[in-house]
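Working notes, beginning with the structure itself.
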Amino acid sequence: MANIVRRAAEWSSSLVERYLPDAFLFAIGLTFVAFALAFAFVSPANGYPTHAKNILMDGWYGGFWGLLTFAMQMTLILLTGYALAQADVVDRLLAWLAGLPSSEKGAAAFVPVVAAVASFIHWGLGLVVGAIFAQKVADEIRTIDFPIIVAGAYAGFLVWHGGLAGSIPLNINSTAEAGNFLLQRGILESTIPTGETIFTVANLVIFAVIAFLFLPAVFAIMYPEDDAKKTTIDPEKLDDAGEPGRPADPAPTTGSMTFAERIEHSRLIAYTIGLAGLVAVALYFAIPLVENGVMPWNNLNLNIVNFTFLFLGITLHGTPGAYVDAVKDGVENVWGIILQFPFYAGIMGIMGYAPQEGTSLATQIAQQMVALSPDGALPAVAFLTAGVVNVFVPSGGGEWAVIGETLVTAAQASGESVPRIAMAAAWGDAWTNMLQPFWAIPLLAISGLSVRDIMGYCVVVLVGSGAIIAVGITILPM
């Protein structure tokens, strides 16, 4: 069995390296595919020439700039997370963790576990921690196959939508005023608490099996036995890429400093602003908990994660100048986000486009898959539906906005548990991220690899995890 999995991984990696284009070209190709599908299946309003124009302008161009805020948030989480990892105390922690595995195969099994735990806490944290930890492991074990551990770091992201910051469970636990469109439209009568979605037996068992059993096992099995098949990281490339924790340039001596240099190297300034920010973080979680009983994980979002990373990083670096240098080192890693996110926003616009009284392509996919669902199979069908739509709409919240109503209505009509269907969609959304390179962009930027280097391994993860999740979300108790 192990040999079969290893050969499958080698075959998949070889195929992907030969035929899969760069992540940017993948986004361009996906744009053409989405446009063609929308042109063919979305009912035209006033003839096909006008139909094509509307898809182009209302769908593609209308959506193209829809992720600007999100792109900036992702840019900041990459920069602030990277800078945080360069602080000495974080570097020592990562070095200690990277030194725990006693073999290359053990390290390959350990990386996805660390990434999965971080992703369960918050998906943005998982992307940054996984990428930086993979690089740290490669620094500790210079003979390790680097692409497979980076693939393991990305594979840990598979669990994010079942975690504390999952978009779908948090959305259905929100009020109508806070964006719960199912309440706004009268489809749900009340919110669904996280105790019925995230903190259920089914969800926690699936997370544990994927994070602590499946991922470490499959990466240990896929790890190349032959040294000739390994691709190690070039030590000079690792250093040139801005290795986390490398020593900063020494500060000028106090006697030779100008007034400006003293401010730049002032620990008082760094600690004052850093601690002020951390106090704000504590109050952000404490006030809703004390006044309204809102648990901290229900208030997790990208803004507070970025805010925490920023001020924790300033505090741990100790001076404003040291933190600025760390951020400068991370700037070269964000180009992929800046370039590619608008294209995916345009694809989402095409998938959500519909003329008046028409039905969008994403909604049609959900409706057709639900219509073909056998009795008792709706959770598995919801899982697959979300997986298909996620290839074109790789945003949990955005995807739920276009398929959520269809899935919840089908659950209510069939007597199926709405929380189960919601979590099935959540896991489906996360599942095909193993095929869709959108979320790998920041990780690849940090590692210096291309999508071709890791996607072959991720395809094996996609196949194996799909069966586990589909069965688990169907039969395990909620």
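The values are calculated or read from the model by the stated rules, or taken from the named source; none is laboratory data. What you see is a predicted model; the values in this text were computed from it and never measured. As a convention, Cβ positions derive from the backbone with ideal geometry for all residues, glycine included, and neighbour counts pool all protein chains shown. Side chains included, ligands, DNA and RNA excluded: accessible areas come from the protein's heavy atoms. Shrake-Rupley method; radii C 1.70, N 1.55, O 1.52, S 1.80 Å.
Evaluating 6.51 cos²θ - 1.76 cosθ + 1.60 at θ = phi - 60° for every residue in segment 354-368, the Karplus couplings come out as 7, x, 4, 6, x, 10, 5, 4, 4, 5, 4, 4, 5, 5, 5 Hz, glycine and proline recorded as x. Pairs of Lys residues in the chain are counted when their Cα atoms are under 19 angstrom apart and they lie 8 or more places apart or on different chains; the count is 6.
Seen against the Cα atoms of the chain and their longest principal axis, helix 123-140 is set at about 50 degrees. For the chain, the per residue solvent-accessible surface stands at 42 Å², with DNA, RNA and ligands left out and a 1.4 Å probe. Applied to segment 286-301, the Karplus parametrisation 6.51 cos²θ - 1.76 cosθ + 1.60 on θ = phi - 60° returns per-residue 3J(HN,Hα) values of 6, 4, x, 5, 6, 7, 10, x, 7, 5, x, 5, 7, 10, 6, 7 Hz, with x for Gly and Pro. Percent of Cα pairs in segment 300-438 per distance bin of 5 Å, from zero to the largest separation: 2, 9, 15, 16, 14, 11, 9, 8, 6, 5, 3, 1, 0. Kirkwood Rh over alpha-carbon pairs of segment 75-201, then Stokes-Einstein at 25 °C and 0.890 mPa s: what D in µm² s⁻¹, rounded to an integer? Once the numbers are plugged in, D ends up at 153 µm²/s. Each residue of segment 49-59 is assigned a 3J(HN,Hα), and the resulting list reads x, 5, 4, 4, 4, 5, 4, 5, 8, 6, x Hz, derived from the Karplus form 6.51 cos²θ - 1.76 cosθ + 1.60 (θ = phi - 60°), x at Gly and Pro. Its alpha carbons give segment 384-446 an Rg and a Dmax of 13.0, 47 Å.
Centre-to-centre, using Cα atoms only, segment 24-76 and segment 305-373 are separated by 16 Å. Against the chain, whose longest principal axis is taken from its Cα atoms, helix 88-98 shows a tilt of about 60°.
One decimal place: the segment ALA217-TYR271 gains 15.1 nm when fully extended, by the rule 0.36 nm per residue minus the C-alpha distance.
The Cα trace of the chain gives Rg and Dmax of 23.1, 80 Å, the first to one decimal, the second as a whole number. Within the chain, the longest segment free of exposed loop sites, counting trypsin sites (Lys or Arg not before Pro) that fall outside DSSP classes H, G, I, E and B and have at most 13 other Cβ atoms within 10 Å, spans 186-478. As a ratio to 2.2 N^0.38 Å, the alpha-carbon radius of gyration for segment 1-158 is 1.40.
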